[in-house]
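Just below is one structure, and these are the notes that go with it.
Bear in mind that the values in this text are calculations on the coordinates, not laboratory data. Not measured: the values here are computed from a predicted model. Counting neighbours? That spans all protein chains shown, and the Cβs are built from the backbone with ideal geometry, glycine included.
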Amino acid sequence: MKAILHADKNWGIGRDNGLMFRLPADMRFFKETTTGNVVVMGANTLRSFPKGPLPNRTNIVLSRTLEEGEGYIVVRSEEELFSLLENYPKESVYLIGGASLYRKFFPLCEEILLTKVDADGGADAFVENLDENADFVKISESEPVETNGYTVRFCTYRNKKL
């Protein structure tokens with residue numbers, strides 16, 4: 001499994017159950033990377049999508065309370081999630097949020113694809129600073145890219161324990 005997300009300079013990932021920035025280059029990267037693959041999320045992440053589940057992907061939602069719906073599969077436990085994920089190639093599975101799932105599952109991710117935004121987004125949801133986590137090593141970082149008035153870098157972190 002891999003994780004994919006963007007974070008501001010304080011490792012904030014969201015505000016008011018939504019994105020802090022509109023970043024066309026990041027959205028394009030996210031869409032190109034996840035289309036045709038499996039995306040795993042929590043119920044709040046699903047609710048944050050204005051048009052519902054992401055098209056052209058297998059949407060899996062880990063939730064104890066969310067009802068089944070069109071375009072997504074609900075699993076009630078981590079055990080059920082990992083049992084279901086055995087049906088998919090591990091390189092096709094992307095964790096897409098939210099913060100509690102990132103905290104819980106980062107240690108199980110082989111790679112984390114992170115778009116670093118050189119700005120403060122006023123976040124109320126955060127992930128840990130991967131640059132300070134001894135279990136992860138940054139294996140690539142793009143040159144700065146300007147998108148919608150923000151400077152971003154596309155980074156890949158590898159889990160040294162996996």
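Which GluC sites (Glu not before Pro) does segment 1-89 hold that lie in a coil by DSSP with at most 15 other beta carbons within 10 Å? Those that pass, being in a loop and sparsely packed, are 67, 68, 70, 86.
Rounded to the nearest 0.05, what FRET efficiency do residue 120 and residue 47 have when you use their Cβ-Cβ distance and R0 = 35 Å? It comes to 0.90. When trypsin sites (Lys or Arg not before Pro) are flagged only if DSSP places them in a loop and at most 14 other Cβ atoms lie within 10 Å, the longest unflagged stretch of the chain comes out as 77-159. Counting only lysines at least 8 places from residue 51 when in the same chain, those with an alpha carbon closer than 19 Å to its own are 31. Residues within the reach of a label modelled at residue 80 (point 7 angstrom out along Cα to beta-carbon, backbone nitrogen below 12 Å), restricted to segment 28-67, are 61-67.
Excluding residue 18 itself, calculate the net charge of residues whose Cβ lies under 11 Å from the Cβ of residue 18, where each Lys or Arg counts +1 and each Asp or Glu counts -1. With Lys, Arg at +1 and Asp, Glu at -1, the neighbours total +1.
Extension gain, residue 105-residue 87: 0.36 nm per intervening residue step, less the Cα-Cα distance, totals 4.6 nm.
Here the residues 135, 26, ranked from fewest to most Cβ neighbours within 10 Å of their Cβ, fall in the order 135, 26. If a/c stays under 1.5 just call it rounded; otherwise compare a/b with b/c (prolate if a/b is bigger, oblate if not). Do that for segment 110-156, with a ≥ b ≥ c from the square roots of the Cα gyration tensor eigenvalues. Oblate is the answer for segment 110-156, as a/c is 1.5 or above yet b/c matches or exceeds a/b.
For the options 105, 49, 136, a Gaussian network treatment of the chain with springs between C-alpha atoms closer than 10 Å singles out 49 as fluctuating the most. Run a plain Debye calculation on segment 1-114 (Cα atoms as equal point scatterers, no solvent) and give log10 I(q)/I(0) at q = 0.17, 0.21, 0.23 Å⁻¹, rounded to two decimals, same order as the q list. The computed values of log10 I(q)/I(0) come out as -0.81, -1.31, -1.62.
Candidate cross-link partners of residue 161 among the lysines, defined by an alpha-carbon separation under 20 Å and a same-chain spacing of 8 or more, comprise 2, 90, 104, 138.
Between the helical axis of 24-34 and the longest alpha-carbon principal axis of the chain there is an angle of about 40 degrees. The length gained by stretching the chain between residue 153 and residue 9 to full extension, at 0.36 nm per residue less their Cα-Cα distance, is 50.7 nm.
Based on DSSP H segments of at least four residues, each scored -39500 (n - 2.57), the chain has a per-residue ellipticity at 222 nm of -5500 deg cm²/dmol.
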